[in-house]
Structures are given as C-alpha cells and as structure tokens.
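Data first, discussion second: the structure below is written as structure tokens.
The values are calculated or read from the model by the stated rules, or taken from the named source; none is laboratory data. Values in this document were obtained by computation on a predicted structure and should not be read as measured data. Here the Cβ is made from the backbone with ideal geometry for all residues, glycine too, and neighbour counts use every protein chain on show. Heavy atoms of the whole protein, side chains included, go into the accessibility calculation; ligands, DNA and RNA do not. Shrake-Rupley method; radii C 1.70, N 1.55, O 1.52, S 1.80 Å.
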Amino acid sequence: LCFTIYGARQAVVAEIAGHGPAAGTILALCCDSRVAAPGVQVGLNEAAFGLNVPTFTLPLMRNLMGPRAAASAVCRGTLFSSEEALGLGLVDIVV
C-alpha cells in the first residue's frame, strides 16, 4: 500500500484526524501532503518497543525533517504533537 500511494500519479493528501504513530505515520509520509488536526500525535515510535523501523521510511523522514532530526526521532522513537510536527516539516498544515 505504501509504494502504491508513494508512486501514485495523482496527488495524495493524508488527513491525520487522530493519533497516528508507527504505521499511521508511515502511510502519511508516503503522501504528497499531510494535514493534521490540532493535538494529534505522529511519529515512528517502533524503537520504544524494540522494533525496527522499515528502511524505506528513513529517506522519507530525512527529506521532510533533515537528516539529523530524522535520525534522532527514529532512534529515540519520538512522538510529536501536530504543532511540533508542523515545525519539523512532518505535516504541512494543522487545522
């Protein structure tokens, strides 16, 4: 599903209306734009549970957040509020 979304010919917009850690964030990263509701949480928290993050998600996060911030967030399993995610570039708008 992720590769289908990422390779879609038309623009795909993710609506993040509730908490979307792990797989929810991965699906949103594959979209062209991300719109989040206030107060939701996003991030790749797999590391907090001792799980590996799928390798194809790392370049997506690097492109949005920058390499150092992305590496730190993935290694620590950090979850971000929608407002923090907006500041980091993980979401494009909070409404």
Inset, instruction - Choose one of S33, N45, F3: the residue whose Cα lies farthest towards the positive end of the charge dipole of the chain (beta-carbon charges +1 Lys, Arg; -1 Asp, Glu; about the Cα centre). - result: F3
Legend entry - Debye equation applied to the C-alpha atoms of the chain, log10 I(q)/I(0) at 0.14, 0.17, 0.18, 0.26 Å⁻¹: -0.43, -0.65, -0.73, -1.51
Inset, instruction - Give me the Debye-computed log₁₀ of I(q)/I(0) at q = 0.19, 0.22 Å⁻¹ for the range 22-62, equal point scatterers on Cα only, no solvent, two decimals. - result: -0.59, -0.76
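If packing is taken as the average number of other Cβ atoms within 10 Å across a peptide's residues, how do 23-36, 47-60 rank, most packed first?
So the peptides 23-36, 47-60, ranked by packing, come out 23-36, 47-60.
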Legend entry - Net charge dipole size for the chain [Lys, Arg +1 and Asp, Glu -1 on Cβ; Debye, nearest 20]: 240
Legend entry - Expected 222 nm ellipticity per residue - DSSP helices of 4 or more, -39500 (n - 2.57), all of the chain, to 500: -10500 deg cm²/dmol
Inset, instruction - Write down the accessible area per residue of the chain in Å², having rolled a 1.4 Å probe over the full set of protein chains. - result: 57
